[in-house]
């Protein structure tokens with residue numbers, strides 16, 4: 001199933017290929033808990049940036065392994081490169097275009113205790 005999404009202002013647009021049923025991670029780390037980010041993990045090969053590469057700005061913190069990508073105009077992080085899944089993008093489920101009809105299973109991820117939580121991921 002092909003889904004599209006993007007940031008609030010529309011400058012950044014992407015498409016993903018997914019196979020329902022979907023699972024998303026609800027992380028409690030310092031940045032995800034403040035933004036309500038729901039992680040839909042998508043292999044790099046199933047992600048396409050349609051527009052807005054020049055609108056993205058990067059932010060790294062902590063270990064610097066994750067690259068958080070925000071729209072320069074509206075500030076929304078619609079996807080990023082997580083350290084937990086270096087072979088995939090983390091797409092913000094709430095940034096997908098509406099009316100896809102999918103209700104994902106929401107799994108807690110204890111990002112405040114990242115090392116221990118990472119060991120539980122399959």
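No value in this document is a laboratory result; all are computed from the given coordinates. Everything numeric here is computed off the predicted structure, so don't read it as measured data. Using ideal geometry, Cβ is built from the backbone for each residue, glycine included, and neighbour counts are taken over all protein chains shown.
Which of 37, 80 comes first, and how do the rest follow, when ranked by fewest Cβ neighbours within 10 Å?
80, 37
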For this session: Give the distance, in whole Å, between the Cα centre of region 55-85 and the Cα centre of region 1-29.
Result: 14
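Only helical DSSP H runs with n ≥ 4 go in: add -39500 (n - 2.57) per run for the chain, normalise by residue count and round the 222 nm mean residue ellipticity to 500 deg cm²/dmol.
Theoretical 222 nm ellipticity from helices: -1000 deg cm²/dmol.
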Problem set entry | Answer label for Cα extents along the principal axes in Å (calculated), chosen among (i) 90, 26, 20; (ii) 36, 31, 25; (iii) 42, 31, 27 | (ii)
Exercise. By how many nm would the segment from residue 72 to residue 4 grow when fully extended, if each residue of separation counts as 0.36 nm and the alpha-carbon distance is taken off?
Worked result: 22.5 nm
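Could you check what % of the DSSP bridge pairs in region 2-118 are antiparallel, to the nearest 5?
85
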Exercise. Taking the Cβ-Cβ separation of residue 30 and residue 100 as r and a Förster radius of 25 Å, what is the calculated FRET efficiency to the nearest 0.05?
Worked result: 0.30
